[in-house]
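What follows is a short report on a single structure.
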Ligand SMILES: Cc1ncc(COP(=O)(O)O)c(C=O)c1O
């Protein structure tokens, strides 16, 4: 008789829910019992709690991490005719948000050590108005270099911290260093809602007020619309879930770090390339990424053994079909393209057990080549 192979998913949300089920169920039941779903007290409470947790003064809860970026751009006055520099080694949302406000995305290459924007490769022109460093995998971009560039060229800085809840640079929470910072609470994120949700933080109270209006039909009061806005609100059910999960985030983050360091220790011994954060960075390992030269074979072997691996991300943004009319060419961003061909993400979440992690290592090391 064949034995079913125990599955180890990339992220085990079922197990997370089982661990906090009474708190979550009660929070959801309260919202449903009140029948207040939009613009209620829980979004306001979560907004306060998330800002306090990040130790930053202003911000607004919104509908998802993509709208968070376009709201930040609009809030800072970036629009048609402006160039916005970012990385092509990220989720597609980063460039969609730039496009959504009518600005033109321009790409720099990455530093292969951290997979984040290498500021020395950023093409700045007279039209460049903003830079979006992406703290990919929960690891900081070089914020000192970003600041030096933005200071010398008068650029707005928007940190895409969609994968970097509670990560830091020199002790400051990522997202709170630039002019604005954006978060995604997509369910699988380190802090994940039970649906779509996001957040924008900013150091400028006036920008925060503008963003809060933009995401709620351009209004502050019920019947007066000061701006042409949109509906990009977070809803009460998401805020209820996020408030419960926020209480656990610090402990969950420590568990992620412990797993990532244990993976590192095993893979470095065998000569694999893993993420090497900058000395000033404190990483939160949204994803555990390692490079291999035989990816297809490795993915197939992991899958055959019930291990959920992923690739974040296989096609750099300048080579995506939707960007074809912008003239992106293979060879343009050599380090980005090399990383896209080699990265693999292994199971990592706070609820992974040490035994599961050890099995992932054994299965991976049996086939993967550096
Ligand atoms: C780096 C990055 N930026 C932006 C986003 C967009 O967030 P959302 O899916 O909440 O719109 C995501 C996640 O999906 C992301 O990983």
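The values are calculated or read from the model by the stated rules, or taken from the named source; none is laboratory data. Values in this document were obtained by computation on a predicted structure and should not be read as measured data. Backbone-built Cβ (ideal geometry, glycine too); neighbour counts: all protein chains shown.
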(Q) Condition first: touching a strand residue (DSSP E or B) at 6+ places or on another chain (Cβ under 6 Å) and over 27 Å from residue 118 (Cβ atoms). Can you find one or more residues in the stretch 307-314 that meet it? (A) yes
Q: Look at residue 188 and say whether it is in contact (Cβ under 8 Å) with a residue 60 or more places away in the chain and under 29 Å from residue 285 (Cα atoms).
A: yes
Q) Picking from 353, 336, which residue would you name as being closer than 23 Å to residue 163 by Cα and surrounded by 14 or more Cβ atoms within 10 Å (Cβ to Cβ)? A) 336
Q: Quickly run through the stretch 19-69 and pick out the residues that are crowded, with 16+ Cβ neighbours inside 10 Å, away from the ligand (no atom under 16 Å from the Cβ) and in a strand (DSSP E or B).
A: 58
Q: Would you point out which residue out of 233, 243 is buried (at least 17 other Cβ atoms within 10 Å of the Cβ) and part of a helix (DSSP H, G or I)?
A: 243
(Q) Which residue is nearest to the chain's Cα centre (by Cα), if the candidates are limited to the stretch 84-104 and must be within 11 Å of the ligand (Cβ to nearest atom), crowded, with 24+ Cβ neighbours inside 10 Å and not in a helix (DSSP H, G or I)? (A) 90
Q: Hey, could you check the stretch 70-83 for residues that are away from the ligand (no atom under 12 Å from the Cβ) and within 26 Å of residue 333 (Cβ to Cβ) and say which is surrounded by the most Cβ atoms within 10 Å (Cβ to Cβ)?
A: 73
Q. Considering the stretch 127-142 alone, what residues qualify as being within 30 Å of residue 261 (Cα to Cα) and crowded, with 24+ Cβ neighbours inside 10 Å?
A. 132, 133, 134, 135, 136, 137, 138, 139, 140, 141
Q: Restrict the check to the stretch 254-271 and report whether at least one residue is in contact (Cβ under 8 Å) with a residue 40 or more places away in the chain, within 16 Å of the chain's Cα centre (by Cα) and within 13 Å of residue 348 (Cβ to Cβ).
A: yes
Q: Taking the options 203, 127, name whichever one is over 30 Å from residue 334 (Cβ atoms), out of contact with any helix residue (DSSP H, G or I) (no Cβ under 9 Å at 6 or more places or on another chain) and touching a residue at least 24 places away in the same chain (Cβ under 8 Å).
A: 203
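Is it the case, given these coordinates, that residue 296 is at pLDDT 95 or above, out of contact with any strand residue (DSSP E or B) (no Cβ under 7 Å at 6 or more places or on another chain), more than 23 Å from residue 90 (Cα to Cα) and in the same structural domain as residue 314 (by TED's automatic domain parsing)?
Details: at pLDDT 95 or above: yes; out of contact with any strand residue (DSSP E or B) (no Cβ under 7 Å at 6 or more places or on another chain): yes; more than 23 Å from residue 90 (Cα to Cα): no; in the same structural domain as residue 314 (by TED's automatic domain parsing): yes.
Spelling it out, it is not the case that residue 296 is at pLDDT 95 or above, out of contact with any strand residue (DSSP E or B) (no Cβ under 7 Å at 6 or more places or on another chain), more than 23 Å from residue 90 (Cα to Cα) and in the same structural domain as residue 314 (by TED's automatic domain parsing).
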Q | Pairs with Cβ under 6 Å, 6+ apart, first in the stretch 57-82 and at pLDDT 95 or above, second assigned to a loop (DSSP other than H, G, I, E, B) and surrounded by 24 or more Cβ atoms within 10 Å (Cβ to Cβ) | A | 61/234; 62/215; 62/234; 65/162; 71/215
Q | Matching entry among 106, 122, 157, 95 (being in contact with a strand residue (DSSP E or B) (Cβ under 6 Å, 6 or more places away or on another chain) and modelled with pLDDT under 95) | A | 122
Q) Any chance the stretch 300-313 includes a residue that's in a helix (DSSP H, G or I) and surrounded by 14 or more Cβ atoms within 10 Å (Cβ to Cβ)? A) yes
Q) What is the number of the single condition among (1) farther than 29 Å from residue 248 by Cα; (2) buried (at least 16 other Cβ atoms within 10 Å of the Cβ); (3) over 26 Å from the mean Cα position of the chain (by Cα) that residue 359 does not meet? A) (1)
Q. If we scan the stretch 295-317, do we find a residue that is free of Cβ contacts under 8 Å to residues at least 12 places away in the same chain and more than 30 Å from residue 265 (Cβ to Cβ)?
A. no
Q) within 21 Å of residue 259 (Cα to Cα) and without any contact (Cβ under 8 Å) to a residue 24 or more places away in the chain, is that true of residue 325? A) no
Q | Lone qualifier among 316, 277 - being crowded, with 17+ Cβ neighbours inside 10 Å, over 30 Å from residue 250 (Cβ atoms) and within 20 Å of the chain's Cα centre (by Cα) | A | 316
